[in-house]
Structure formats: structure tokens, C-alpha cells
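Enquirer: Starting off with a structure, shown below.
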Amino acid sequence: METQTRYDAVVVGGGPAGSTAAYLLGESGYRVALLEKRAYPRDKVCGGCLSQKSVQFLDRVFHLPVPALQREGLLDSTGTGYALYIGSTRILAGDLVEPLYFTRREHYDAHLARKAAEAGAQIHEGVEVAAIDHAHHIVTTSDGERYAARVIIGADGIHSRVRRSLPESVVRPEQWHENLGWALELTIPREEARALANGDGSIRLDDDFATPHIVLAACRRGYGWVFPNREAVIVGIGGLLQKNRKDLRDHFKEFLKTIGFSAFADRRPVGFLVPLGNYIPSPAHEGTVLIGDAGGFASPILGEGIFYAHRTAELAAHAIDRHLTTAAPLAETYTALLQRRLIPELQAETALRDFLYGCLDAPVQIPLGAFMKATGARVIDAVQGSRSFLGFRRDDNLHSAVW
Ligand SMILES: Cc1cc2nc3c(=O)[nH]c(=O)nc-3n(C[C@H](O)[C@H](O)[C@H](O)COP(=O)(O)OP(=O)(O)OC[C@H]3O[C@@H](n4cnc5c(N)ncnc54)[C@H](O)[C@@H]3O)c2cc1C
């Protein structure tokens with residue numbers, strides 16, 4: 001089939017990353033097509049936790065402050081407290097200064113795609129990209145349709161076809177695999193959780209399952225979580241793939257037992273790959289850029305990726321705008337923005353993660369509990385985005401400045 005239209009930008013994938021890029025470029029007046037292989041509303045395996053830095057992004061960029069998110073039904077539940085464990089030992093618990101919110105991805109992603117459409121982007125659902133011609137800036141769909149664009153944005157998630165079409169020198173496969181994570185997650189309806197939880201695990205959950213729990217060392221180089229959701233309790237476990245390849249399922253069953261959920265040990269959790277620090281430092285080649293999971297952007301400790309999907313999309317949209325208006329080289333401009341605004345944070349968080357897990361793996365016991373008690377509040381601030389992982393300094397501008 002012949003190329004029909006030439007766009008300024010074609011976005012491959014309509015998760016939080018793709019919709020943000022399409023929205024921002026659409027708002028700037030560019031001709032944008034977003035190609036999403038599934039139809040909205042579509043689900044995505046995810047705990048749906050929105051830290052404060054995500055919530056602030058939604059306010060600043062999409063003009064969706066918390067009351068608007070609530071009105072639109074995008075906030076499914078709110079976590080005002082938290083509990084942090086290492087194994088079965090409770091290290092920290094209490095009230096959060098600012099809450100964590102929980103969303104359901106089928107609603108969240110559909111809403112953001114709608115916002116992109118309102119900003120002028122063309123949303124093509126049920127359209128799967130099958131091939132990318134980087135030299136001519138053309139993507140071809142599985143139906144043989146061709147879309148030509150001045151830039152191509154790979155926002156197609158962890159299994160990104162766009163990423164796999166780039167040269168190895170950009171992706172560096174060994175580095176990619178070194179910090180690739182793997183997660184298992186089970187969604188348990190609340191009535192079942194109430195009826196079948198036996199409360200005899202070594203970690204006692206609150207009666208209403210309202211408190212987000214993080215359990216470090218629930219598997220090797222990873223953690224377990226229990227997140228509230230309006231109709232369900234979300235239980236998951238995830239860690240570095242290369243350390244957990246053989247026995248993550250066993251660790252998951254053990255984790256269920258630890259939290260008094262052994263009645264669910266026979267349920268089949270959903271498995272998914274997740275970035276855990278395997279970001280590509282220069283995720284661009286000719287007229288193509290990678291954003292979100294496609295480029296490996298997520299928190300190296302927690303695998304929290306929604307914020308990083310939004311933020312890399314914002315930085316990429318800024319670089320694309322400069323490229324299209326001033327002919328600034330795209331790859332260099334986007335890489336410079338990432339190096340300035342995101343990668344130092346990810347490096348500092350990776351160093352903290354390696355320190356924490358190094359302590360847990362050490363042959364002699366290191367008083368990690370004492371360290372976490374002393375620094376835990378600052379680590380939470382850094383996760384929420386009000387402090388930097390670099391020396392835990394306060395920085396109001398940390399996640400909002402672009403240039
Ligand atoms: C078990 C688990 C729990 C998680 N919990 C959290 C959490 O609580 N909080 C948090 O912030 N993050 C969490 N994450 C991470 C988060 O889900 C991701 O980081 C986030 O979804 C990344 O957004 P994205 O837009 O880059 O990719 P995605 O959300 O994966 O979107 C990619 C889109 O591209 C489409 N696509 C793929 N291939 C093609 C193609 N060839 N053509 C067209 N379209 C295509 C897909 O259908 C999809 O819609 C979790 C991840 C896992 C696995």
C-alpha cells in the first residue's frame with residue numbers, strides 16, 4: 001500500500017509515554033499520528049501506583065490536578081500510610097506526608113490518549129507497527145500500511161519493536177539485560193481477600209488492606225508489594241531477571257504465605273518484564289527516539305515507570321520541537337536533556353539500590369534496618385520526588401525543569 005500522509009511525528013504505542021508525547025507535540029501544532037496495536041480501554045499489568053512526582057506531572061502538563069483526576073474517576077484509591085519491611089521485619093511504618101494514589105491503567109491510559117486526541121493528535125487504535133525504516137523515516141503496519149514522518153517515537157513498551165530495530169551500538173544488549181527486571185502480579189478481589197486471608201503470616205496486613213506494603217528481599221535483588229485498589233488487592237513480586245530466572249514463582253508463593261495469603265498460592269500470577277535500571281543512555285538514532293519502558297526508563301529500585309514514561313516523553317517532545325524548528329540534531333539534543341534532567345537521578349538511585357542489596361547479600365550481617373530507619377523518610381521523599389537521590393537534597397525544580 002502507498003504512503004498516505006506525511007506526519008511530523010509518528011508515535012508507536014499509546015501507553016503513558018506515547019500519549020504524553022502525542023499530546024505535547026499535538027498542542028505545539030505538529031501533525032502527529034499515534035499508532036496503538038490494541039483498542040482502548042486496554043489493560044496493562046501494573047500496580048497502578050502514582051507517586052507525588054507523577055501526580056504533579058499530571059497537574060503541570062495535562063492540567064489535571066488531584067480533584068480533576070478524582071472527578072474523572074482516575075484515582076481508584078489513596079494510600080495515606082505505608083509499611084516497609086526487610087523480609088518479615090518491619091523497618092518503618094506510619095503516615096505519609098503526601099499520599100500515594102492508585103489508578104487503574106485501563107482508565108488512565110484511555111483518558112490520556114483522549115487528551116492527546118483533543119490536542120490534535122490522530123489516534124489509530126488496533127494498528128500494530130511491524131517494521132521501521134529508519135533511513136527513510138517510515139513505519140509499516142502489520143496490514144502493510146505505511147506512515148512517513150519527520151521523526152519516529154518508540155513508545156511501545158518493554159518488548160519494543162522500535163528498539164529492536166535499532167543498531168546494537170545504541171541498545172547495547174548486555175547492558176540492557178544486566179538490569180532487566182521480571183515481575184509477577186496477582187489481582188485478588190477484595191471479598192475473596194477478606195474471606196480467605198488467614199492472618200497467620202509473619203507480616204500482618206491491616207484489616208482493610210488499605211496500607212501500601214513494600215517488602216524488600218522478598219526475592220533476590222527485588223521486593224514484594226501489596227497495593228490497595230478499590231475492588232481488589234494487588235500483590236506482586238519483582239526483581240532482577242538474571243538473579244530470579246529459576247525461582248521467582250517459588251518466591252511469590254513464599255511471599256503469599258508471609259502476608260497470610262497462602263490460600264491464593266495456586267492462582268496463576270501474570271508475569272511481565274520490567275526495567276530496573278537498564279535505561280539506554282542515548283536512546284536515539286537518526287530520526288528515531290525511545291521513551292518510557294521502550295528505552296528502559298523506570299525507577300531502578302521500585303520499577304515505578306509511569307512517571308518516567310511521562311517525563312522521557314516530555315524531554316523527547318522538547319528535543320523534537322527544537323529539531324523541527326531549528327534543525328538541532330535530534331539524538332544529541334534528546335541525549336543531552338536526559339543526561340541533564342534524568343540520568344544522574346537514575347544513577348544515584350541505582351547506587352543506593354546496589355548498596356541496599358549488597359548489604360543484604362553480605363556474608364556478615366550489616367545493620368541495614370538501622371540505616372533504613374535513619375534514612376527511610378528521605379528515601380520516601382526521593383521516591384515522591386521532593387528530594388533528589390543525589391545526596392537527598394531538596395530540589396523543587398527537580399522534575400519540572402526541561403532545559
Ligand atoms: C507487575 C508490574 C507492576 C508495576 N507497577 C507499577 C506501579 O505501581 N507504578 C508505576 O509507576 N509503574 C509500575 N509498573 C511499570 C509501568 O507499568 C510501566 O513502566 C509503564 O506502563 C510504561 O509506560 P509506557 O508507555 O512506556 O509503556 P506501556 O504502558 O507498556 O505502553 C506501550 C504501548 O505500546 C503498545 N504497543 C506495543 N507494541 C506495539 C506495536 N508494535 N505497534 C503499536 N503499538 C504497540 C502496547 O499495546 C501499549 O499500549 C509496573 C510494571 C509491572 C510489570
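The values are calculated or read from the model by the stated rules, or taken from the named source; none is laboratory data. From a predicted model like this one, the values you see are computed outputs, not experimental measurements. Cβ: placed from backbone, ideal geometry, glycine included. Neighbour counts: every protein chain shown. Surface areas here come from the heavy atoms of the whole protein model, side chains and all, with no ligands, DNA or RNA. Shrake-Rupley method; radii C 1.70, N 1.55, O 1.52, S 1.80 Å.
Enquirer: If the elastic network links every pair of Cα atoms under 10 Å, which of GLY79, GLY222, GLY14 fluctuates the most in the Gaussian network model of the chain?
Expert: GLY79
Enquirer: To the nearest Å, what is the center-to-center distance of segment 161-233 and segment 6-50, using C-alpha atoms only?
Expert: 25 Å
Enquirer: Carbon and sulfur together cover what percent of the accessible area of segment 163-251 at a 1.4 Å probe radius?
Expert: 47 percent
Enquirer: Here's another thing I want to ask about it. Could you state the principal axis extents of the C-alpha atoms in the chain, from the largest down, to the nearest angstrom?
Expert: Reported extents, whole Å, longest axis first: 64, 42, 41.
Enquirer: Scan segment 303-402 for trypsin sites (Lys or Arg not before Pro) in coil per DSSP, keeping those whose Cβ has at most 16 other Cβ atoms within 10 Å, and list them by number.
Expert: Answer by residue number: ARG393.
Enquirer: What angle, in degrees between 0 and 90 and rounded to the nearest 10, separates the Cα long axis of helix 105-118 from the longest principal axis of the Cα atoms of the chain?
Expert: That works out to roughly 30 degrees.
Enquirer: Answer with one residue from PRO212, ASN229, LEU240: the one whose Cα lies farthest towards the positive end of the charge dipole of segment 205-248, charges on Cβ with Lys, Arg +1 and Asp, Glu -1.
Expert: The residue sitting most towards the positive pole is LEU240.
Enquirer: Specify the angular offset, from 0 to 90 degrees and rounded to the nearest 10, of the alpha carbon long axis of helix 248-258 from the longest principal axis of the alpha carbons in the chain.
Expert: Relative to the chain, helix 248-258 is tipped by roughly 40 degrees.
Enquirer: State the extension gain, in nm to one decimal, for the chain segment bounded by ARG194 and ARG71, taking 0.36 nm per residue of separation less the distance between their alpha-carbons.
Expert: Separation in residues times 0.36 nm, less the Cα-Cα distance, equals 41.4 nm.
Enquirer: While we're on this one: Using 0.36 nm per residue, how much length does the chain from ILE366 to ARG172 gain when fully extended, once their Cα-Cα distance is taken away?
Expert: 66.4 nm
Enquirer: Take the alpha-carbon centre of segment 266-282, take the same for segment 297-334, and report the distance between them in whole Å.
Expert: First find each Cα centre; the distance between them is then 20 Å.
Enquirer: Loop only per DSSP, at most 15 neighbouring Cβ atoms within 10 Å: give me the GluC sites (Glu not before Pro) in segment 1-74, ordered by residue number.
Expert: Of the GluC sites (Glu not before Pro), the ones in loops of segment 1-74 whose Cβ has at most 15 other Cβ atoms within 10 Å are GLU2, GLU72.
Enquirer: Moving on to the next point. Gain in length, SER202 to ARG394, computed as 0.36 nm per residue apart minus the alpha-carbon separation, to one decimal in nm?
Expert: Fully extending the segment from SER202 to ARG394 adds 65.5 nm.
Enquirer: Over the alpha-carbon set of segment 258-403, divide Rg by the Kirkwood Rh and report the Rg/Rh ratio to two decimals.
Expert: 1.07
Enquirer: What is the spread of the Cα atoms of segment 180-275 along each of their three principal axes, largest first, in whole Å?
Expert: On the principal axes, segment 180-275 reaches 36, 24, 23 Å in Cα extent.
Enquirer: Suppose we keep just the DSSP beta bridges with both residues in the chain; what percent of those would be antiparallel, to 5?
Expert: Once the DSSP bridges in the chain are tallied, antiparallel ones form about 70 percent.
Enquirer: Please list, in order along segment 389-403, the HN-Hα scalar couplings obtained from phi with the Karplus expression 6.51 cos²θ - 1.76 cosθ + 1.60 (θ = phi - 60°), rounded to whole Hz, x for Gly and Pro.
Expert: So the J values, rounded to whole Hz, are 5, 7, x, 6, 6, 6, 8, 5, 8, 3, 10, 10, 5, 9, 8.
Enquirer: Normalised by the empirical 2.2 N^0.38 Å for globular proteins, what value does the Cα Rg of segment 239-344 take?
Expert: Relative to the 2.2 N^0.38 Å estimate, segment 239-344 comes out at 1.44.
Enquirer: If amide hydrogens are placed 1.01 Å from N in the peptide plane, which non-local residues have theirs closer than 5 Å to the one on ASN229?
Expert: So ASN229 has HN proximity to ILE234.
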